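Peer 1: One structure is given below, represented as structure tokens, and several questions about it will come after.
Quick note: the coordinates plus some simple rules give every number you see, no bench work behind them. Note that the coordinates shown come from a computational prediction; the quantities given were computed from them, not determined experimentally. Cβ sites come from the backbone with ideal geometry, for glycine too, and all protein chains shown count toward neighbours.
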Amino acid sequence: MIVLERVSKTYHPDSVGLDDVSLRIEAGELVSIVGQSGAGKTTLAKLLMAEEQPSAGRIEIGGWDITNIRPREIPELRRQIGVIFQDYKLLPKKTVFENVAFALEVAGAKSQHIYDVVPQVLKIVGLEDRAHRFPRQLSGGEQQRVVIARSLVHRPKVLLADEPTGNLDTLNTQDIMDLLVKINAFGTTVVLVTHNREVVNALRRRVITLKDGKVASDVAHGKYTLTV
Amino acid sequence: MITAWRIFAASWKHFARNLWIGLATVFVFTVALLSVNVLIGTNVMLERVVAFFEEKIDVTVTFESGTPEALLTQARFYVQSFPQTASVQLVSPQEALDAFKERNKNNPKILEALSELSTNPLGAQLVIKAKETEDYPFLLAAVRNPQFQPFIRSSSYDDHRTAITSIEDAAKSVRLFGSGLVAVFSLFGLLAAFNAIRVAIYTQREEIAIMRLVGASSAYIRGPFVLEGVWLATLACLFTAAAVWAAIYFGEPRLQQFFSGSDTGISDFYVQNWLTLFFSQFAVMAGLSALVSWIAVGRYIRR
């Protein structure tokens, strides 16, 4: 469960990222966070992965109050949340296998466990035959699937996807969204931050719309209602 | 244990996959170390040149012909008793005459004039070597005491005073400037190495940020970079040692020509001090690399 209680994030007096936002996302939900540029979507994502601290309010993930999380506790939090980025953020000098294994290595997993689990996860995302390639040798869609594999490998309870289809074509976008729906079906809470109208409308799941740092709407089976 | 092994393995893998950055860093390290070693070698050679000239200096005190042998022996023991004295050699009148003839064997006129004389015109000589060049005036003043002064015909110190003072000044300058230059070059070398690591890590700043986002602890991120710095320093020290050895092996015979065939002192110096030189340079380079890597990586580890 993810809880935000009256969370605000102010960068400068005249630059507000989030303004008094309260949210509750239940375990196992798939929620889309939508909004135009500057609405506060990325700020929300950064707060959830503790990349930034809120200026006010309280944030809780899975019962863990991360509002004032200490820097040395941040790696532990990130090992419990899977994160997917628009720009992939793969380690360019590591192979597909090593990129996925890295998420387990940093958590101190045993080598045998890594050699058992990583091929399984790569199979789920359909990249078992790309294990020894480097990111530069993959297409955008394949790279995003590696990122999903990396974020899944330690079986996170929450998967945070920040514009996961932003750099992909329609076909790859559909593949990635199918994967995210599948992952959600297995019980993982998925928080999808996006401004892709088609993606949100196709899902027909809960949609939270942000506007000027505030929650403008929160609809259980919503659609992308913003106009450009 | 498993984490330590992973950090160790990652450092080598990282080095192999960033080979060009690694080799460029090793190159900068090696150039820095070589410049310091060239200066150390030059300093050793200059010290040898100074010592070579210092060895050539002596003061010869010539006594009047017919000076009693007992007085000459007494003068010799007297001079020898000073701690400033390195050696004293008493040359008899006959030995002085033989040496004079040898020196002038290609000058028949002098030899002919000498044979006209019925007695040996040369007196005995005391050849004095001081431990330090600045001790000559003192030793000369000591031997010119009232007991020996009446029997002293001349001394060579006055003729060589300017040369001795010049050598003395040169020796002081060489030692002072040599040490200063080694210190300055060491500092420049360290700065160059420091920046080479900073640049190498700067090129990988995004990877560092990604590692953090994926859940790596600061120590787990820093570890491979710190160890890689130590490997780079090790390689640079080995390359430098090989280059210095090759330079001495091939260069010293050519340098000996400038020393009239005698030893330049460089190989002796390196043979006697290679352990200290290698490990002190390795310790400084490896320690610096590890420290700079630790600090530089920290700059790119965000929350």
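Peer 1: Show the residues, 5+ positions off or on another chain, whose built amide H is closer than 5 Å to the amide H of B:GLY123.
Peer 2: B:SER65
Peer 1: Looking at the P(r) of region B:59-155, how many percent of alpha-carbon pairs lie beyond 16 Å? All intermediate terms of the calculation are to be shown ahead of the outcome.
Peer 2: Details: 2650 of 4656 pairs.
Counting every Cα pair in region B:59-155, those more than 16 Å apart make up 57 percent.
Peer 1: While we're looking at this one, here's another question. In sequence order, what are the phi-derived ³J(HN,Hα) couplings for region A:210-217 according to the Karplus relation 6.51 cos²θ - 1.76 cosθ + 1.60 with θ = phi - 60°, rounded to whole Hz, with x for glycine and proline?
Peer 2: Karplus values, whole Hz, x for Gly and Pro: 9, 8, 6, x, 10, 7, 8, 7.
Peer 1: Out of residues 5 or more away from A:LYS211 or on other chains, whose amide H comes under 5 Å of its own, with H placed 1.01 Å from N in the peptide plane?
Peer 2: Amide H neighbours of A:LYS211: A:ALA216.
Peer 1: Let me ask something else. 5 Å is the cut-off here: which amide hydrogens, built 1.01 Å from N in the peptide plane, fall below it relative to B:SER154, excluding neighbours closer than 5 in sequence?
Peer 2: Placed amide hydrogens put B:THR62 under 5 Å from B:SER154.
Peer 1: While we're here: Using a 7 Å offset from Cα along Cα-Cβ at B:THR234, what residues in region B:273-303 end up with backbone N under 19 Å from the label point?
Peer 2: Once the point is set 7 Å along Cα→Cβ of B:THR234, B:275-294 turn out to lie under 19 Å by backbone N, inside region B:273-303.
Peer 1: Oh, and also: Summarise the long-distance tail of P(r) for chain B by giving the % of C-alpha pairs beyond 35 Å.
Peer 2: Details: 22525 of 45753 pairs.
The calculated P(r) of chain B puts 49 percent of pairs beyond 35 Å.
Peer 1: Name the helices (complete DSSP H segments) of chain B with a Cα length along the long axis of 30 Å or more and a Kyte-Doolittle mean of at least 0.5, or state none.
Peer 2: Working: long enough: B:19-56 (54 Å, 1.41); B:157-202 (66 Å, 0.72); B:218-256 (55 Å, 0.91); B:266-300 (47 Å, 0.96).
Passing helices, by number: B:19-56, B:157-202, B:218-256, B:266-300.
Peer 1: Label region A:1-41 by shape, choosing from rounded, prolate and oblate, from the square roots a ≥ b ≥ c of the eigenvalues of the Cα gyration tensor; if a/c is under 1.5 it is rounded, and otherwise prolate applies when a/b is larger than b/c, oblate when it is not.
Peer 2: On the way: a/c = 4.14, a/b = 1.70, b/c = 2.43.
Oblate is the answer for region A:1-41, as a/c is 1.5 or above yet b/c matches or exceeds a/b.
Peer 1: Along Cα→Cβ, 7 Å out, is where each label goes; now give me the distance between the ones at B:ASP268 and B:ALA16 in nm to one decimal.
Peer 2: Simple spin-label model gives 4.7 nm for this pair.
Peer 1: What distance in nm lies between label points placed 7 Å from Cα along the C-beta direction at A:ALA27 and B:ARG198?
Peer 2: It is 5.0 nm.
Peer 1: So which GluC sites (Glu not before Pro) in region A:1-30 pass both tests, a DSSP loop state and at most 11 other Cβ atoms within 10 Å of the Cβ? Walk me through the numbers before you get to the answer.
Peer 2: Details: sites: A:GLU5, A:GLU26, A:GLU29; in loops: A:GLU26, A:GLU29.
Those satisfying the criteria are A:GLU26.
Peer 1: Separate question: What full-extension length gain, to one decimal in nm, is calculated for B:TRP5 and B:GLU112 as 0.36 nm per residue of separation minus the Cα-Cα distance?
Peer 2: Contour length minus Cα-Cα distance gives 29.6 nm.
Peer 1: Below 14 angstrom from the Cβ of B:MET45, what's the summed charge of the other residues (Lys, Arg +1; Asp, Glu -1)? Intermediate values should be presented prior to the final figure.
Peer 2: On the way: positive: B:ARG48, B:ARG175, B:ARG254; negative: B:GLU47, B:GLU252, B:ASP263, B:ASP268.
Summing Lys/Arg as +1 and Asp/Glu as -1 gives -1.
Peer 1: Can you give the translational diffusion coefficient of the protein assembly as shown in µm²/s, computed by Stokes-Einstein from the Kirkwood radius over Cα pairs at 4 °C and 1.567 mPa s? Intermediate values should be presented prior to the final figure.
Peer 2: Values: Rh = 30.3 Å.
For these conditions, the coefficient is 43 µm²/s.
Peer 1: If I stretch the segment between A:ARG155 and A:ASP129 completely, what's the gain in nm (0.36 nm per residue apart, minus their alpha carbon distance), one decimal?
Peer 2: Working: separation 26, 0.36 × 26 = 9.36 nm, distance 2.20 nm.
In short, 7.2 nm is gained.
Peer 1: Taking the Cβ of B:PRO224 as the center, what net charge do the other residues with Cβ under 13 Å away carry, scoring Lys and Arg +1 and Asp and Glu -1?
Peer 2: On the way: positive: A:LYS93, A:LYS94, B:ARG6, B:LYS13, B:ARG17, B:ARG222; negative: A:GLU98, A:GLU105, B:GLU207, B:GLU228.
Overall, the nearby charge balance is +2.
Peer 1: What ³J(HN,Hα) values, in whole Hz, does the Karplus curve 6.51 cos²θ - 1.76 cosθ + 1.60 give for region A:151-160 when θ = phi - 60°, with x put for Gly and Pro?
Peer 2: For region A:151-160, the Karplus-derived couplings read 6, 8, 4, 9, 6, x, 7, 10, 10, 9 Hz, x marking Gly and Pro.
Peer 1: Taking only Cα atoms of region A:1-135, what ratio of Rg to Rh do you get with Rh as the Kirkwood inverse-distance radius?
Peer 2: Working: Rg = 17.5 Å, Rh = 17.0 Å.
Rg divided by Rh gives 1.03.
Peer 1: Where the eigenvalues come from the Cα gyration tensor of region A:111-228, what are the semi-axes √(5λ) of the equivalent ellipsoid, largest first, in whole Å? Can you show the working numbers first?
Peer 2: Values: eigenvalues 171, 53, 26 Å².
Three semi-axes, in Å: 29, 16, 11.
Peer 1: Also: Can you give the calculated 222 nm mean residue ellipticity of chain B, where each DSSP H run of n ≥ 4 adds -39,500 (n - 2.57) and the sum is split over every residue, rounded to the nearest 500 deg cm²/dmol?
Peer 2: -25500 deg cm²/dmol
Peer 1: Taking 45 Å as R0, compute the FRET efficiency from the Cβ-Cβ separation of A:ALA216 and B:LEU23 and round it to 0.05. Before the final figure, lay out each step's value.
Peer 2: On the way: r = 56 Å, r/R0 = 1.23.
Once rounded, the FRET efficiency stands at 0.20.
Peer 1: Something else about it: Counting only pairs 8 or more residues apart or on different chains, how many lysine pairs in chain B have their Cα atoms under 26 Å apart?
Peer 2: 9
Peer 1: If you plug each phi of region A:32-49 into the Karplus form 6.51 cos²θ - 1.76 cosθ + 1.60 with θ = phi - 60°, what whole-Hz ³J(HN,Hα) values come out, in order, with x for Gly and Pro?
Peer 2: Here the 3J(HN,Hα) series is 9, 9, 10, x, 6, 4, x, 6, x, 4, 5, 4, 4, 4, 5, 5, 5, 9 Hz.
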